[in-house]
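To start, the structure under review is shown below, and the notes come after it.
The values are calculated or read from the model by the stated rules, or taken from the named source; none is laboratory data. Just so we're clear, the structure is a prediction, and the values are computed from it rather than from any experiment. Ideal geometry is used to build each Cβ from the backbone, glycine not excepted, and the neighbour counts take in all protein chains shown.
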Amino acid sequence: MTKYILLLISAILFASCNKENIVTPTDPVSNYSKVLTIDSANVKIEMYNENSSILYVGYNEIGFKIFSNNVELKTGFLKYAPIMFHTSGPGHSTPVQSEFTYDNSKGMFTGYVCYSMLSDSSTSFWFADYNYNNEFYFKRKQFDVVLGTGNQMRIWFDAVNNVLYYLTLITPKDPKVGLNDFKIILHKTIDQSSYTEVSNAQMFIRPWMPSHGHGSSSNVNPVFTSYGKYEGKANFTMPGQWFVYDSIVVNNQTISTPFLYLVFDAR
Ligand SMILES: [Cu+2]
């Protein structure tokens, strides 16, 4: 009897522990969810997003599975080219990894995309072109992007160099009181159709709590890792709203404005 009760208690504990991160049992890749499927003739592409079955404005860690005649393909590359059309004006693209390659540990072609805008049903529409290995092409397939909580993107114009910069937050999307991993990705574009990862920037962050008029110590300036990404640490020493100012220097020139900051609600 005691044995049975212990078993029951452990079962309940186990169930409640798992409640927070529900994993869809049919999902082949643990923390990725299927967003959409495109198929025609014998070719099929499935798109996945990390921790979500929808795509958000801002940073998305995505993946693709590719099938030909129901055989999964794992070699070569996938190029994903999103383009947004508005009812007026020319179309524009958005920062995206230039090539997705197969990641054995995730069982997908993986990479990132940063959507700069949300779609709606009347004025703004997202489409994407897909190119697998220059062998299969899908053109102008429509999809949706919605606003998510915690995602942030800043876009500003550098008049000196005639360049648009895009700074996108990767983490924290759910900031905690204390030291947070602070990851961002930086792009530039001159035509809003192709975007380049900026990999030679120096960044100097300064967290600031506007309601109390103080900052924090023990922060770590983000340094370049790969694919235009920078990693550091931001210390939110109290609960509440924090700004993180980011001063960005490229080739000895400050490219950010004094008002460039991201907003966090630390809990
Ligand atoms: Cu747009």
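Please specify each residue of segment 164-173 satisfying the condition of being touching a residue at least 60 places away in the same chain (Cβ under 8 Å) and either surrounded by fewer than 16 Cβ atoms within 10 Å (Cβ to Cβ) or under 17 Å from ASN200 (Cβ atoms) (or both). Quick ask: steps written out before the conclusion?
The initial filter retains those residues of segment 164-173 that are touching a residue at least 60 places away in the same chain (Cβ under 8 Å), namely 165-170, 172.
Within segment 164-173, TYR165, TYR166, LEU167 meet the criteria.
Which count do you get for residues in segment 215-231 that are under 14 Å from LEU186 (Cα atoms) and small (Gly, Ala, Ser)? Give the derivation first.
First, pick out the residues of segment 215-231 that are under 14 Å from LEU186 (Cα atoms): 222-231.
Retained after the next criterion (residues that are small (Gly, Ala, Ser)): 226, 228.
Total meeting the criteria: 2.
Quick grid of which residues meet (1) crowded, with 18+ Cβ neighbours inside 10 Å; (2) farther than 19 Å from GLY228 by Cα; (3) modelled with pLDDT under 95:
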{"residue": "ASN104", "(1), (2), (3)": "no, yes, no"}
{"residue": "THR110", "(1), (2), (3)": "yes, no, no"}
{"residue": "ASP129", "(1), (2), (3)": "no, yes, no"}
{"residue": "LEU147", "(1), (2), (3)": "no, yes, no"}
{"residue": "ALA159", "(1), (2), (3)": "no, yes, yes"}
{"residue": "LYS176", "(1), (2), (3)": "no, yes, no"}
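Within segment 125-145, count every residue that is more than 18 Å from ASN42 (Cα to Cα) and touching a strand residue (DSSP E or B) at 6+ places or on another chain (Cβ under 6 Å). Give the steps one after another, and end with the answer.
Kept after step one, since they are more than 18 Å from ASN42 (Cα to Cα), are these residues of segment 125-145: 125-128, 140, 142-145.
With the extra rule that they be touching a strand residue (DSSP E or B) at 6+ places or on another chain (Cβ under 6 Å), the set shrinks to 125-128, 140, 142-143, 145.
Matching residues across segment 125-145 total 8.
How do the strands (runs of 3 or more DSSP E) wholly within segment 200-267 filter down when requiring 1 or more residues that are acidic (Asp, Glu), within 15 Å of ASN180 (Cβ to Cβ) and out of contact with any Lys or Arg (no Cβ under 7 Å at 6 or more places or on another chain): which remain? Don't jump to the end; show me each part of the working.
Values: elements: 201-209, 220-224, 229-236, 240-250, 261-266.
Answer list for segment 200-267: 240-250, 261-266.
Check off (1) away from the ligand (no atom under 16 Å from the Cβ); (2) in contact with a Lys or Arg (Cβ under 9 Å, 6 or more places away or on another chain); (3) among the hydrophobic types (A, V, I, L, M, F, W, C) for LEU164 and give me the number that stays unchecked.
Tallying (1) away from the ligand (no atom under 16 Å from the Cβ); (2) in contact with a Lys or Arg (Cβ under 9 Å, 6 or more places away or on another chain); (3) among the hydrophobic types (A, V, I, L, M, F, W, C), LEU164 fails exactly one: (1).
Out of all the residues in segment 194-214, is one or more free of Cβ contacts under 8 Å to residues at least 12 places away in the same chain, farther than 30 Å from ASN162 by Cβ and either surrounded by 18 or more Cβ atoms within 10 Å (Cβ to Cβ) or not aliphatic (A, V, I, L, M) (or both)?
yes
Could you tell me which numbered condition THR225 fails, if it satisfies all but one of (1) out of contact with any Leu (no Cβ under 6 Å at 6 or more places or on another chain); (2) surrounded by 14 or more Cβ atoms within 10 Å (Cβ to Cβ)?
Failed condition: (2).
Within segment 75-122, count every residue that is more than 10 Å from the ligand (Cβ to nearest atom), in a strand (DSSP E or B) and under 13 Å from SER193 (Cβ atoms).
Residues flagged as more than 10 Å from the ligand (Cβ to nearest atom), in a strand (DSSP E or B) and under 13 Å from SER193 (Cβ atoms) within segment 75-122 amount to 3.
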